[in-house]
Each structure stands twice: as C-alpha cells, then as structure tokens.
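Here is the structure we will look at, set down as structure tokens.
The values are calculated or read from the model by the stated rules, or taken from the named source; none is laboratory data. Just so you know, these numbers come straight off a predicted model, no measurement behind them. A quick note on method: Cβ atoms are made from the backbone with ideal geometry, for glycine too, and the neighbour counts reach across all protein chains shown.
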C-alpha cells in the first residue's frame with residue numbers, strides 16, 4: 001500500500017453514480033502496470049447492526065459473484081486520486097443524507113493503521129468536510145495454548161464507542177472502524193453530488 005496519500009476533491013477520477021440515491025457508484029482506477037480497473041463504491045442500505053445511523057461504505061473491484069472484493073491487493077498508479085474519489089463519493093452521499101454517518105472498516109490491523117495515518121496526514125483538509133470518529137469493536141480471540149478456551153476473548157482490546165479523531169493523536173488501541181458525518185458547512189460550500197458525472 002502507498003504511504004503518502006494527498007486527499008483533494010478537485011483531483012478525482014470521473015465517478016459514475018449507479019443509483020439515484022448515490023448509494024452505488026463506480027470509477028476506473030489506473031494501475032501501476034498501465035492497465036485500468038473498475039472500482040465499485042457501495043453504501044449499505046441498512047444501518048450497521050451495532051451502530052445507529054451508520055451505513056457501511058465498501059469499495060473495491062467486483063469478484064466473480066458480482067460482490068465487492070475489499071480484501072484484494074491492488075497497486076494503483078495514483079493512490080491519492082483513488083482515495084480522493086472514494087471519499088468524494090461518500091461526501092456526495094452524505095451531503096444528500098446529512099443525518100447519517102458512513103463507516104469504513106479497516107478489515108485488518110495493517111489496513112486500519114494505514115487508514116488512520118491517511119486521515120492524520122489529511123486531517124486539516126478532511127476536517128473541513130467531515131466529523132471523523134473511530135472505534136474498535138472487534139473482539140480478538142486469544143490463543144494461549146491449552147488455556148485458549150477458558151477465556152478466549154480479549155475484551156480489553158475494544159473501544160466500545162465512537163471517539164473523535166483528533167489531529168496528532170495516536171490512540172492506545174488502534175481503531176478498526178472509522179465513521180464520517182458531513183459537517184453542516186460542507187453542504188453550503190458546494191453541492192458535491194454535482195461533482196459526480
């Protein structure tokens with residue numbers, strides 16, 4: 001994964017909405033090998049089972065079953081443009097649904113750390129548009145040899161509620177789920193849904 005991502009909503013791929021409510025959209029990302037890959041962005045139609053008013057945002061290429069494969073490793077030519085496109089699609093949706101949150105799942109520790117670093121590096125820019133929060137709600141299964149079934153869950157490895165993401169702050173436990181809510185001022189700056197093709 002790339003380490004330096006510069007989010008810029010004026011430097012994105014052409015995003016094509018596939019649904020009137022902006023829940024589903026796609027764009028084509030250029031890859032390092034010179035090829036291109038269609039990426040789908042999909043916002044769940046039902047709120048998260050554990051988080052009220054949070055709708056999951058998934059992104060990635062479609063697999064053989066026509067589902068987003070968010071675990072595939074992709075080498076983008078321009079990670080900044082790719083992630084700017086994903087977040088712009090989310091911002092366009094939230095501008096039309098300001099009472100909702102979008103959630104992005106880190107899916108594993110490496111990705112969660114990568115996403116957090118990206119949010120920190122772009123904090124001043126993103127903070128103009130989003131209220132950003134993080135939480136850690138996955139319970140890890142501990143494996144301690146023969147004792148693994150006596151107490152298999154590490155409940156100390158959980159942050160049970162959404163905490164504000166603050167510039168420069170490194171949480172003691174890394175978040176694995178990140179939420180975004182549009183700031184009131186963001187909608188008045190520009191109609192972000194108009195930026196989608």
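When residues in region 53-68 are screened for being over 23 Å from residue 196 (Cα atoms) and within 17 Å of the chain's Cα centre (by Cα), 1 of them pass.
Looking only at region 69-99, residues that are part of a loop (DSSP other than H, G, I, E, B) and either under 18 Å from residue 25 (Cα atoms) or within 12 Å of the chain's Cα centre (by Cα) (or both) come to 3 in all.
Residue under question is residue 151, and the condition is that it be more than 18 Å from the chain's Cα centre (by Cα), more than 23 Å from residue 70 (Cα to Cα) and either part of a loop (DSSP other than H, G, I, E, B) or modelled with pLDDT of 85 or more (or both); does it hold? So residue 151 passes the test. Could you list, in sequence order, all residues of region 100-112 that are part of a helix (DSSP H, G or I) and either touching a helix residue (DSSP H, G or I) at 6+ places or on another chain (Cβ under 9 Å) or surrounded by fewer than 15 Cβ atoms within 10 Å (Cβ to Cβ) (or both)? Within region 100-112, 109, 110 meet the criteria. Residues in region 15-44 that are over 12 Å from residue 58 (Cβ atoms), part of a loop (DSSP other than H, G, I, E, B), in contact with a strand residue (DSSP E or B) (Cβ under 9 Å, 6 or more places away or on another chain) and free of Cβ contacts under 8 Å to residues at least 24 places away in the same chain: 18, 19.
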